[in-house]
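Asker: Pasting a structure below so you can have a look.
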Ligand code: FES
């Protein structure tokens, strides 16, 4: 199990614990975290799973693939902390990761 902390734009904090191997998007959807829809089911085709990764965790993630990089261009409020949640698989190495949901998705 991996712990994930989601922080909404309004400051609401949700701590969830999910099976390893699930994506950040699945962790959010399975736990009804607002602001992350995952409309395409994780196919990297919708950008509704856009999240901002806490600075302390950014370097621990694998780099973006070209497909994620091009799809995330459509995400409102993209910045250097932006990733698509469906492309990040959870594992013990990411236990405790902190992510924020963007204002535009609420
Ligand atoms: Fe659609 Fe991530 S769920 S791009």
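Asker: Can you find a residue in the range 84-94 that is in a loop (DSSP other than H, G, I, E, B), touching a residue at least 60 places away in the same chain (Cβ under 8 Å) and within 15 Å of residue 6 (Cβ to Cβ)? Even if it seems obvious, please write down each step before you answer.
Answerer: Going through the range 84-94, the residues in a loop (DSSP other than H, G, I, E, B) turn out to be 88, 90-91.
The next check asks that each one be touching a residue at least 60 places away in the same chain (Cβ under 8 Å); those that pass are 88, 90-91.
Retained after the next criterion (residues that are within 15 Å of residue 6 (Cβ to Cβ)): 88, 90.
Yes, the range 84-94 contains a residue that is in a loop (DSSP other than H, G, I, E, B), touching a residue at least 60 places away in the same chain (Cβ under 8 Å) and within 15 Å of residue 6 (Cβ to Cβ).
Asker: Any residue that is without any contact (Cβ under 8 Å) to a residue 60 or more places away in the chain and more than 8 Å from the ligand (Cβ to nearest atom) - is there at least one of those in the range 35-43? Before you say what the answer is, go through the steps one by one.
Answerer: Step one: of the range 35-43, the residues without any contact (Cβ under 8 Å) to a residue 60 or more places away in the chain are 38-43.
Still in the running and more than 8 Å from the ligand (Cβ to nearest atom): none.
The answer is no; no qualifying residue exists.
Asker: Still on this structure, I have one more. Right, residue 76: touching a helix residue (DSSP H, G or I) at 6+ places or on another chain (Cβ under 7 Å) and either loosely packed, with under 14 Cβ neighbours inside 10 Å or at positive phi (or both) or not?
Answerer: yes
Every read-out reported here was derived from the displayed coordinates using simple, explicitly stated rules and does not represent laboratory data. In this text the structure is predicted, and so the values were computed from the model without any measurement. Using ideal geometry, Cβ is built from the backbone for each residue, glycine included, and neighbour counts are taken over all protein chains shown.
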